[in-house]
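As C-alpha cells, the structure follows; a few thoughts come after it.
The values are calculated or read from the model by the stated rules, or taken from the named source; none is laboratory data. Everything quoted here is computed from the prediction, not taken from an experiment. In this analysis, Cβ positions are derived from the backbone assuming ideal geometry, glycine residues included, and neighbour counts consider all displayed protein chains. Note: accessible area is taken over every heavy atom of the protein model, side chains too, but ligands, DNA and RNA are not part of it. Shrake-Rupley method; radii C 1.70, N 1.55, O 1.52, S 1.80 Å.
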Amino acid sequence: MSLPTTDIGTEEYKYGFSDDVKPEIKFEKGLSRQTVEDISNIKNEPGWMTETRLKAYEIFLEKPMPEWGADLSDIDFDDIIYFVRASDRKMTNWDDVPAEIKETFEKLGIPESERKFLAGAEAQYDSESVYGALQGEWEKQGVIFVDTDTALREHEKLLRKYFGSVVPATDNKLAALNTAVWSGGSFLYIPKGVRVGLPLQAYFRINTQNMGQFERTMIIADEGSNVQYIEGCTAPTYTTNSLHSAVVEIICKKDSRVRYTTLQNWSGNVYNLVTKRAQAYENATMEWIDANLGSKVTMKYPSVYLMERGAKADVISIAFANTGQHQDVGSKVVHLAPYTTSKILSKSISKGKGRSTYRGLVKIHEGMEGCKSNVNCDALLLDEASATDTYPYIEIEDPTAAIEHEATVSKLSDEQIFYLQQRGVPEDEARNMIINGFIEPFTKLLPLEYAVEMNRLIELQMEGSVG
Amino acid sequence: MTTENGLLTIKDLKVKINDKEILKGVNLKIGPGEVHAIMGPNGTGKSTLAYALAGKASYEVTSGSVTMEGENVLDMSPDERARKGMFLAFQYPSEVPGVTVDNFLRVAYNTVKKKELSIWEFRNLLKEKMEFLKIDESFSGRYLNEGFSGGEKKRNEILQMAVLTPKLAILDETDSGLDIDALQIVAKGVNELLPEDSSVLVITHYQRILRYIKPDFVHVMINGKIVETGGGELAEKLEEQGYDWLKEKYGESGKDNNNVTANN
C-alpha cells in the first residue's frame, strides 16, 4: 500500500504564519538541535521548556533503541517530519484514503462528517454541541481540560511542576524523543474533591494539534477527586505518519481515582510506541483500560507506581493482532509502599499471521509488607498461523506478599462453535460470540456505545476468516 | 412400527470417526409427537448417532440418508438443522466464558424463531421457563456453562430446549449424573414444556429416565446397529436382565447369531 506523504517543505507557503515578526521556518524531514529549538520558538515557549526539549534531544541521541521487544529496525528517524503547524497541516485528500478504511467507517456507522475528520481530510470536528454546556459546569468547579500547548501558555506553573515528573526524558529513547518534539495532547486537572460524572472524551476534543504523532498528555487528580478519561475511538485512525510516540503522565493524589481508557485502531503502517505511567499516592486508585488494535507494531505497557500505603493499580488490556501486526503489550506495576494492591488482566487475540506478546512486570520492594498482586494473561489463537508469547516478570523482595499469577493459551474450539451452532447460531456469528465473550471482562468496563462499537470492530476484524 | 408422514427418517446410516466405522447402518423413523428411546451398552454408537444427526463436522457420513419432513438433513449445516427444528441436549455442553445464558438464548431464540424479541420481552419468556424448571433467577446472568455443576448443565440444556421448542429434541444421556429430584424436574420439563407434536429421542444407558419420560418405542443399539425394537416393556426387560442376553444374541458384530441375515 503506498501512502501519500506529508511534505510541507516543498509546498508553496499557502496559509502563512500569522505573526509577521517571526522568521519563516521550514520543517524538513529529520531531527537536529535546530529543529527542536525551532519547534519551541515557533510555539513561543518559555525558556525552561526549550531547555527541557534540548536536554531530552541529547538523551534521545545517547539512548539505544529498545531491542528487547518488537522489531523496530525499520524505523528511520531521518524520514519523519517532527513538526507540522496546525495551519499548515496538509489535509489528506479524501479520494486518497484507502478503500478499506472508508469501508470500515461505513460498516461502523461513523457519520459522514466524522469520517473525513478521522481520516485527516478535515481539520476540525465540532465538539461544541457535545461539550458546550458541560464545560461551563466543570470550569466553575475548577476543572482544567485543554490541549497541552494551551496549558503551557495558560497554566504554566502547574504544568511545569509535573511535566516529566512521572515519565522523565531519561526513561527510554522514545520518551526522550517525545519530550524533545512533543505537540498537543490533553492536559487535565481535577481539583480537590471534585468528581466529574461523565467520562471526558479526548475524541470530541481532537483537533489537529492532538492528532499529532508526539502528543503529551497529563492528568493531575488532586486529593479525593474522581475522573474518567477516554481517548481514541474504534474507527481506524488513518495517518500517513509512520510513527506515533506519545507520553502520558498521571498523578493520582491521596484518595483520588482515575480511570484512563484507550481504544486505538491505527492503520497498518504505524509504529505505535507509547509510554504511559501513573503515580498513585495514599489510598488512590489508578485504572488503565487499554485496547490495542491495528498498527504494524504496538509497544505499550501502561504502568503504575504505587507510591504510598493503600494505593491500588488496576490494569486491563486487550490486543488484537491480525496478519502483519505485532502487539507487544502488557503492564508494569511497582509496589513502592506497604499494603498496596495490583491487578493485571491481559487478553490477546491473534489471527492470521498476527503475533501478540504479553510483557509485564510486577515488582514488590523489600520491606513493603502486605502487598497483593494478581496477574492474569489469557491468549486466544484463532488459527494455526497465529502466535503468542508471554513474558510475565515478577520480582518479589518481601516475603509477606500475596501473589497470584495465571496464564492461559486457548484456541477457538470446534466444540464451542458446534455447540452454539446447534442452537441455530450461524458459524460466523458463533465465532464472534465466543471472541466477544473472551473480551467481555474488558468491554463491560466501557461505556455502552464504546462496548457496542468494540464488538462490531472485532466482528470486522473477523471477516473473511476461514473456518 | 412404521409411521406415515414421518418427522425424521434415517436410512442405512453409516458414520466413520477417524476412519473407524461407528455406525454400521442405522434405520429409524420418528413420527410427530412420538417419544423414542435408544438404549444400549456403552460404546455402541448411541451418542455418535446423536452428534451425526446434529451435524458434527468430524463425523463422516459414508452412506445412507437422513431426512426431516422430507428434506435432506445431511446437506445442512448444524445451524440450519437447528433452525429446521432439531435440538440436541449435550451430554457435555461446552463452556462459553463471557457469554451470558440470557444473551445467548435470546440470540438463539430470535434466530430459530425468526423473531426480534427485545431483551425485556425475552427476559419474561425466559423467566417463566426458569420458574417451571426451578432454576434460580441469577442463573440467566451467568456465563454459559462456566462453573456450572453437572446438574446445572443438564438443567440448562433443558431450559434451552424449553425456550427453542424444537420439533425434535434429542437428549444425549441427559439422565447421567442427575439425582432423582433433578431427574424428575428435567423429565417434567420434557413432558410439559414441549409442544404436543414435538418428538423426543432419548439416548440412555439406563431405564431410570424412561420411568418419567414414557417412550412409545424403545430401540436397542449394539455395535453400531439397532438390533431390537419394542415398546416400554423392552426397557423394563433390559432393566431386569441387562444387556448380556442381547450381546450373546447379536455378538460384537451386531448380527443375530441365530439368524445370519442382517437385522434392520
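Taken over the stretch A:335-354, residues that are assigned to a strand (DSSP E or B) and buried (at least 22 other Cβ atoms within 10 Å of the Cβ) amount to 8.
In the set (1) at the interface with chain A (Cβ under 9 Å from one of its Cβ atoms); (2) under 30 Å from B:LYS29 (Cα atoms); (3) without any contact (Cβ under 8 Å) to a residue 12 or more places away in the chain; (4) not basic (Lys, Arg), the condition left unmet by B:PRO93 is number (3). Within the set B:ILE30, B:ILE17, B:ILE22, the sole residue that is touching a Gly at 6+ places or on another chain (Cβ under 7 Å), open to solvent by 30 Å² or more (accessible area, probe 1.4 Å) and in contact (Cβ under 8 Å) with a residue 24 or more places away in the chain turns out to be B:ILE22.
As a summary of the residue check, A:PRO399 satisfies the conditions (1) modelled with pLDDT under 95; (2) at the interface with another protein chain (Cβ under 10 Å from one of its Cβ atoms); (3) part of a loop (DSSP other than H, G, I, E, B) except for the one numbered (2). Being aliphatic (A, V, I, L, M) and within 9 Å of another protein chain (Cβ to nearest Cβ) is the filter here; which residues of the stretch B:96-109 pass it? Listed by number, the residues that qualify are B:VAL96, B:VAL99, B:LEU105, B:VAL107, B:ALA108. Go through the stretch B:36-47 and report how many residues are surrounded by 22 or more Cβ atoms within 10 Å (Cβ to Cβ) and not in a helix (DSSP H, G or I). The qualifying residues number 7. Sort out which residues of the stretch A:424-467 are touching a strand residue (DSSP E or B) at 6+ places or on another chain (Cβ under 8 Å) and either within 11 Å of another protein chain (Cβ to nearest Cβ) or at positive phi (or both), and write them in order of number. Hits for the stretch A:424-467 are A:MET433, A:ILE434, A:ILE435, A:ASN436, A:GLY437, A:PHE438, A:ILE439, A:GLU440, A:PRO441, A:PHE442.
The set of residues from the stretch B:15-45 being over 24 Å from B:PRO166 (Cα atoms) and among the hydrophobic types (A, V, I, L, M, F, W, C) comprises B:VAL15, B:ILE17, B:ILE22, B:LEU23. The single condition among (1) in a loop (DSSP other than H, G, I, E, B); (2) closer than 24 Å to B:GLU152 by Cβ; (3) more than 9 Å from every other protein chain (Cβ to nearest Cβ) that B:ALA50 does not meet is (1). Are any of the residues in the stretch A:402-416 surrounded by 16 or more Cβ atoms within 10 Å (Cβ to Cβ) and in a helix (DSSP H, G or I)? Within the stretch A:402-416 (the criterion being surrounded by 16 or more Cβ atoms within 10 Å (Cβ to Cβ) and in a helix (DSSP H, G or I)), the answer is yes, since at least one residue qualifies.
Just to be sure before I move on: is A:ALA319 aliphatic (A, V, I, L, M) and crowded, with 22+ Cβ neighbours inside 10 Å in the structure I sent? Here the answer is yes, as A:ALA319 does meet what is asked. Across the stretch B:161-170, not a single residue is classified as within 19 Å of B:PRO93 (Cα to Cα) and more than 14 Å from every other protein chain (Cβ to nearest Cβ).
Criterion applied to A:VAL375, A:VAL425 was being in contact with an Asp or Glu (Cβ under 9 Å, 6 or more places away or on another chain), not small (Gly, Ala, Ser) and not assigned by TED's automatic domain parsing to the domain that holds A:ILE344, and the one residue passing it is A:VAL425. Scanning the stretch A:66-84 for residues that are open to solvent by 20 Å² or more (accessible area, probe 1.4 Å), farther than 15 Å from A:ASN269 by Cα and under 20 Å from the mean Cα position of the chain (by Cα) returns A:PRO66, A:GLY69. Looking at the stretch B:75-90, which of the residues that are more than 9 Å from chain A (Cβ to nearest Cβ) and either more than 16 Å from the chain's Cα centre (by Cα) or modelled with pLDDT under 95 (or both) is nearest to B:PRO166 (Cα to Cα)? Here the answer is B:MET76.
Every condition in (1) open to solvent by less than 20 Å² (accessible area, probe 1.4 Å); (2) out of contact with any strand residue (DSSP E or B) (no Cβ under 6 Å at 6 or more places or on another chain) holds for B:ALA169 except the one numbered (2).
Residues that are touching a Lys or Arg at 6+ places or on another chain (Cβ under 7 Å) and among the aliphatic types (A, V, I, L, M) within the stretch A:316-367 comprise A:ILE318, A:ALA321, A:VAL329, A:VAL334, A:ALA337, A:LEU361, listed in sequence order. The residues on offer are B:SER63, B:SER118, B:SER58, and the sole one that is away from every other protein chain (no Cβ under 14 Å), in contact (Cβ under 8 Å) with a residue 12 or more places away in the chain and surrounded by fewer than 14 Cβ atoms within 10 Å (Cβ to Cβ) is B:SER63.
Take the residues in the stretch A:13-60 that are of a type in the set (Asp, Glu) and buried (at least 17 other Cβ atoms within 10 Å of the Cβ), then tell me which one is modelled with the highest pLDDT. Restricting to residues being of a type in the set (Asp, Glu) and buried (at least 17 other Cβ atoms within 10 Å of the Cβ), the top hit is A:GLU45.
Restricted to the stretch B:207-264, and to residues there that are in a loop (DSSP other than H, G, I, E, B) and modelled with pLDDT of 90 or more, the residue that is farthest from B:LYS11 (Cα to Cα) is B:TYR212. For A:ARG456, the conditions (1) farther than 23 Å from A:ARG259 by Cα; (2) surrounded by 21 or more Cβ atoms within 10 Å (Cβ to Cβ) are fulfilled apart from (2).
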